[in-house]
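The structure appears below as structure tokens.
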Amino acid sequence: MQRRTDLVEDLMDRFPHVPREAVLKEDLLRGGIAFDDSALSDGDDGDVKPKSYFIFSFDHRTLPELGTAALRRPPEEIVLTGGPYGLRRTVVSVRVNPDSPYRVQADEDGALRLHLDGRPIADVGLPPMPDYYRETLKNGKSVMEVAPTIQWGYLIYLTVFRVCQYFGAKEECQYCDINHNWRQHKAAGRPYTGVKPVEEVLEALEIIDRYDTTGASRAYTLTGGSVTSKVDGLAEADFYGRYAQAIEERFPGRWIGKVVAQALPKEDVQRFHDYGIRIYHPNYEVWDRNLFELYCPGKERYVGRDEWHRRILDSAEVFGPSNVIPNFVAGVEMAAPSGFRTVDEAIDSTAEGLQYFMSRGITPRFTTWCPEPTTPLGKMNPQGAPLEYHVRLLDVYRATMEENGLSSPPGYGPPGPGHAVFSVSSFMDSLPAQDESAVVDAGSERPAEV
């Protein structure tokens, strides 16, 4: 059996224009990381920022199967540097897999290092516990539960609705474990608020703003499950929009407001904008028509693929094309039994979708698929997609951007290896670095100070 080291180094050699950091990061994201006890945090009382499980589990095992890693949380993210590959600073979201060939552990000198096939390949930095995580709301809830930060503190992730109304086998997206993640945290007795009251969100943001004196947090994302009927008596645009309105009234211009929601009719999208949102993420999930219908049955039933895409294009008339950034889940294209059989076929399909949107000025981004074990696709495909697919996707992504004269999307911090902070895929690591003093979005964002 081929060692993982050989696979990684072969792809680094075959695709020298893809940063080595991005090749390694994609492999960590698709396959997960094992943690020695010496690399685990002490939860809310330690010096390391723990994994918050901000929306999905992003793990290769359920909480009961993680053992010590469930009781003593792994870090939210890690940062890799140095080693035999000379890695520039690379921020990676933590996805726990006890069986991974990658392992974080302390060496004889006490320093944490990432090991692959038993060999140290990178120095590991852990995110420090931010002062605002040590504070609680008046009702005793933690800031981490209400308003966790990711991307090394750049993004405040506000999952204000913890479950999805696409429910059950005939509606849930086949790669998504949002509903299971809710259930497993409740079963473990962890605090996991279903619908976060607006007042709690504002109180948590006040604490973050008070302690974040360097302005490291630059954006917030409002998101959660899809709303097909109503929540708190409100349809989707008004449910999520009320949080943006309250945030912008209390903290005008403090953060870039983003929302991840369904592709809604243009009048609803306009309300998002009127509420103060500046970046809209109507995720299209997977490009291929047949796979969208199979993998996203609820979205196909309630909206339909063609209408979903029309709404994405319509939303560009409200937000401007550069501020419409739909996500897709990179790797599900190759999931058995219905996905593409070859990397060539999968890349051709994904590239068609990239060209469709980028030729219209809309720049999609992607999350690297984590095959969570409670999802139908995760159960059938525990290894995820081949690493070659992910590396070639980075190549075609950058080429399609350049072909259409586009630059890195706003709201994601600085691009480029050694600079990027976006942690759940390597698309920002694989783009050209920009002048640190340059404005990097359509409004007021500056590069993140991390």
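Assorted remarks:
- The chain, accessible surface, carbon-and-sulfur percent (1.4 angstrom probe): 48 percent
- When only the Cβ of Lys, Arg, Asp and Glu is charged (+1, +1, -1, -1), the dipole of the chain relative to its Cα centre reaches about 720 debye.
- Region 89-215, accessible area per residue, ligands and nucleic acids excluded (1.4 Å, Å²): 39 Å²
- Binned Cα-Cα distance frequencies in region 257-339 - 10 Å width, integer %: 19, 48, 26, 7, 0
- 222 nm mean residue ellipticity, helices alone, for the chain (DSSP H n ≥ 4; -39,500 (n - 2.57); rounded to 500): -9500 deg cm²/dmol
- Subset of 51/138; 25/230; 141/379; 138/266; 138/379 violating a 32 Å alpha-carbon distance limit: 25/230; 141/379; 138/266; 138/379
- Candidate aspartates and glutamates for bridging to residue 299, where Cα separation is under 12 Å - those fewer than 8 sequence places away on the same chain excluded: 171, 172, 285, 307
- For the pair region 58-97 / region 352-394, the C-alpha centres are spaced 20 Å from each other.
- J(HN,Hα) series, region 319-324, from Karplus relation 6.51 cos²θ - 1.76 cosθ + 1.60, nearest Hz, glycine and proline x: 9, x, x, 5, 9, 10
- In loop segments of region 314-423 as defined by DSSP, the trypsin sites (Lys or Arg not before Pro) with at most 15 further C-beta atoms inside 10 Å of their C-beta are 341, 360.
The values are calculated or read from the model by the stated rules, or taken from the named source; none is laboratory data. Predicted model only: the values in this text are computed from it and were never measured. Counting neighbours? That spans all protein chains shown, and the Cβs are built from the backbone with ideal geometry, glycine included. Accessible surface areas use protein heavy atoms only, side chains included; no ligands, DNA or RNA. Shrake-Rupley method; radii C 1.70, N 1.55, O 1.52, S 1.80 Å.
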